[in-house]
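Single-structure report; data block below.
The values are calculated or read from the model by the stated rules, or taken from the named source; none is laboratory data. Model, not experiment: these values are computed from the prediction. Cβ: placed from backbone, ideal geometry, glycine included. Neighbour counts: every protein chain shown. Keep in mind that these areas ignore ligands, DNA and RNA; they rest on the heavy atoms of the full protein, side chains included. Shrake-Rupley method; radii C 1.70, N 1.55, O 1.52, S 1.80 Å.
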Amino acid sequence: QVQLVESGGGLVQAGGSLRLSCAASGSTFSINYMGWFRQFPGKQRELVAAISSGGVTNSADSVKGRFTLSRDNAKNIVYLQMNSLKPEDTAVYYCYARNRMGAYWGQGTQVTVSS
C-alpha cells in the first residue's frame, strides 16, 4: 500500500504561482510512476505531469512551459511548481502513484485561479 498526502493548493490571482507537494509513505520503494492529475467539474481526471522511476517526465501540452514537476527521491516527495497560472487551471489536483500492486490517489487539493 502507498499513502499520499498532498499540500499546497489554494486561491491565487491569474499570473501567480503555487507549489503543490505530495508525500508518499508505505511501499514507496516499489513506486514506478508518480505525478499529478487534475479534474474539472463534470470531467474525468486528466494528466498534468508525471515522472517514471527512470526519470522520464511527461506533461500535458496545456501546462508545458508553465508547470514543472520535480522529485525528491530521498524524501519520497514530488512537487508541482505552477507558474503563470490561468483561470482555466482551476481544478482539483490529485497526486497519483503506481506500483506493481496498483494505483493510488491522494485526497485532492483545490486550486482556484481568479481572473
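Which of the residues belonging to the stretch 25-40 are among the aromatic types (Phe, Trp, Tyr) and in a loop (DSSP other than H, G, I, E, B)? Show your work before the answer.
We begin by selecting, within the stretch 25-40, every residue among the aromatic types (Phe, Trp, Tyr); these are 29, 33, 36-37, 40.
Hit for the stretch 25-40 is 40, nothing else.
Closer than 20 Å to residue 86 by Cα, open to solvent by less than 40 Å² (accessible area, probe 1.4 Å) and of a type outside the set (Asp, Glu): is that true of residue 35 in this structure?
Considered against the rule, which asks whether it is closer than 20 Å to residue 86 by Cα, open to solvent by less than 40 Å² (accessible area, probe 1.4 Å) and of a type outside the set (Asp, Glu), residue 35 comes out as no.
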Residue within the stretch 62-77 that is touching a Cys at 6+ places or on another chain (Cβ under 7 Å), in a strand (DSSP E or B) and modelled with pLDDT under 95 present
yes
Tell me the residue from 9, 16 that is open to solvent by less than 70 Å² (accessible area, probe 1.4 Å), touching a Phe, Trp or Tyr at 6+ places or on another chain (Cβ under 7 Å) and among the small types (Gly, Ala, Ser), please.
9
Hey, can you tell me all the residues within the stretch 87-96 that are in a helix (DSSP H, G or I) and buried (at least 17 other Cβ atoms within 10 Å of the Cβ)?
89
I need the full set of residues from the stretch 97-113 which are more than 15 Å from residue 18 (Cβ to Cβ), in contact with a Leu (Cβ under 8 Å, 6 or more places away or on another chain) and part of a strand (DSSP E or B), in order please.
97, 104, 105
So residue 99, is it of a type outside the set (Gly, Ala, Ser), touching a helix residue (DSSP H, G or I) at 6+ places or on another chain (Cβ under 6 Å) and touching a residue at least 60 places away in the same chain (Cβ under 8 Å):
yes
Anything in the stretch 47-61 that is assigned to a strand (DSSP E or B) and among the small types (Gly, Ala, Ser)? List them, or say none.
49, 50, 52, 59
Name the single residue, out of those in the stretch 56-81 being in contact (Cβ under 8 Å) with a residue 24 or more places away in the chain and open to solvent by 70 Å² or more (accessible area, probe 1.4 Å), that is nearest to residue 41 (Cα to Cα).
71
Checked against (1) touching a residue at least 60 places away in the same chain (Cβ under 8 Å); (2) surrounded by fewer than 21 Cβ atoms within 10 Å (Cβ to Cβ); (3) part of a loop (DSSP other than H, G, I, E, B), residue 44 satisfies every condition except (1)
Return yes or no: is residue 16 at positive phi and over 11 Å from the mean Cα position of the chain (by Cα)?
no
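Given the residues 84, 21, 53, which is the only one that is among the small types (Gly, Ala, Ser), without any contact (Cβ under 8 Å) to a residue 60 or more places away in the chain, closer than 26 Å to residue 114 by Cβ and surrounded by 13 or more Cβ atoms within 10 Å (Cβ to Cβ)?
Matching residue, one of 84, 21, 53: 21.
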